[in-house]
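Structure, as structure tokens:
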Amino acid sequence: MTDSLTVTRVGGMTGEILFIIGSTRPVRVGDQLADEIIRLVEGEGGPGIVVADLKEINLPLLDEPKMPALGQYTHDHTIKWSEMVVGASAVVVLTPEYNWGYPASVKNAIDYLYKEWADKPCLVISYGGGGGKHSYDQLRHVLGRVKTRLVDAPVNLVLKGEYGDDDRLRDPASVIAAHKADIVTAWEQLRSLIDAADD
Ligand SMILES: Cc1cc2nc3c(=O)[nH]c(=O)nc-3n(C[C@H](O)[C@H](O)[C@H](O)COP(=O)(O)O)c2cc1C
């Protein structure tokens with residue numbers, strides 16, 4: 001634990017794009033999809049990409065005594081998470097769909113912070129049997145509440161019969177290839193939002 005910190009630097013629109021992997025299961029596919037999406041969009045140019053894997057970051061359930069909107073954080077893990085978001089020019093949230101919603105890990109990571117999200121260009125990418133559209137809609141609703149600037153071009157990755165015996169995707173590249181047009185369109189919009197924030 002460190003001394004309480006008040007976050008004053010909110011914005012920081014000169015950094016890299018923070019790519020959040022929302023799933024934290026020991027055997028998951030989110031990391032495979034993230035790798036392939038990043039491989040695709042890196043060819044499109046623009047800011048670099050930093051991965052924030054919530055499985056590795058391993059935030060406890062929100063354990064700050066003060067309201068996050070005050071930015072008076074007491075834990076190192078909160079301060080580090082805040083700095084990652086503040087320093088990013090934009091955020092991508094890659095979310096699976098669990099029981100028609102997005103995972104608790106993602107909600108927890110959002111709820112830790114408040115002002116850090118404001119005006120942040122933000123792209124949601126969902127996945128699931130039907131593309132994860134329920135999780136996509138719910139997550140956008142919440143990210144609207146914390147005032148991110150949302151890309152309005154849906155990316156819903158449909159996973160049907162894609163899994164091997166090890167519960168991993170047999171061919172993640174083909175999943176991304178099947179959604180390439182949607183991803184590129186959304187990525188262009190994200191870059192426009194970043195450029196507009198820089199002006
Ligand atoms: C707890 C749980 C609930 C799920 N519920 C849904 C669902 O409501 N809709 C859907 O399309 N897929 C659902 N799935 C399937 C997941 O979308 C699929 O397993 C996906 O690979 C999960 O992402 P992950 O492997 O990165 O954790 C569910 C999976 C889990 C583990």
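The values are calculated or read from the model by the stated rules, or taken from the named source; none is laboratory data. Keep in mind that this is a model prediction, so the values were computed, not measured. Cβ coordinates were reconstructed from backbone atoms using ideal geometry, including for glycine residues, and neighbour counts include every protein chain displayed. In case anyone asks, the SASA skips ligands and DNA or RNA and just uses the protein heavy atoms, side chains included. Shrake-Rupley method; radii C 1.70, N 1.55, O 1.52, S 1.80 Å.
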Check your understanding: Whole-Hz Karplus ³J(HN,Hα) for the stretch 25-34, in order, using 6.51 cos²θ - 1.76 cosθ + 1.60 and θ = phi - 60°, x for Gly and Pro?
Key -> 5, x, 10, 9, 10, x, 5, 5, 5, 4
Review point. Tilt of helix 76-86 relative to the longest C-alpha principal axis of the chain, in degrees (0 to 90, nearest 10)?
Key: 70 degrees
Revision key, fill the gap. In Å, the Kirkwood estimate of hydrodynamic radius for the stretch 102-197 over Cα pairs equals 14.5 Å
Point to revise | Accessible surface, the chain, averaged per residue in Å² (probe 1.4 Å) | key: 48 Å²
Study note, to complete from the structure: Hits in the stretch 168-189: amide N under 12 Å from the 7 Å Cα→Cβ extension of Ala153, namely 180-189
Review point. In degrees, nearest 10, range 0 to 90: what is the angle between the Cα axis of helix 180-198 and the longest Cα principal axis of the chain?
Key: 20 degrees
Revision key, fill the gap. Quarter of the surface of the C-alpha convex hull for the chain, i.e. direction-averaged projected area in nm², equals 10.6 nm²
Study note, to complete from the structure: Over 31 Å (Cα to Cα) among Lys80/Lys160; Lys66/Lys180; Lys80/Lys180; Lys115/Lys160; Lys55/Lys180 -> Lys80/Lys160; Lys66/Lys180; Lys80/Lys180; Lys115/Lys160
Point to revise | Value of Rg to Rh for the stretch 103-145 (Rh from inverse mean 1/r over Cα pairs, i.e. Kirkwood) | key: 0.98
Review point. Which three semi-axes in whole Å describe the equivalent ellipsoid of the stretch 78-156, each the square root of 5 times a Cα gyration tensor eigenvalue, listed largest first?
Key: 21, 13, 10
Point to revise | Residue with peak Gaussian network fluctuation, the chain [Cα springs, cutoff 10 Å], from Leu54, Leu113, Leu70 | key: Leu70
Point to revise | Cβ-Cβ FRET estimate between Lys107 and Val50, R0 fixed at 35 Å, reported to 0.05 | key: 0.95
**Study point:** the chain, helix-only ellipticity at 222 nm - DSSP H runs n ≥ 4, -39,500 (n - 2.57), divided by all residues, nearest 500
**Key:** -11500 deg cm²/dmol
Check your understanding: So what are the ³J(HN,Hα) numbers for the stretch 49-56, from phi and the Karplus equation (6.51, -1.76, 1.60; θ = phi - 60°), rounded to whole Hz, Gly and Pro as x?
Key -> 10, 10, 8, 10, 8, 5, 5, 6
**Study point:** Percent carbon-and-sulfur accessible area, the stretch 5-198, ignoring ligands, DNA and RNA, probe 1.4 Å
**Key:** 51 percent
Check your understanding: Bin by bin, in steps of 5 Å, what percent of the Cα pairs in the stretch 8-116 do you find, going until the bin that has the longest distance?
Key -> 2, 12, 22, 22, 20, 14, 7, 2, 0
Review point. If you build a Gaussian network model of the chain, linking Cα atoms that sit under 10 Å apart, which residue out of Ile20, Ile37, Ile57 swings the most?
Key: Ile57
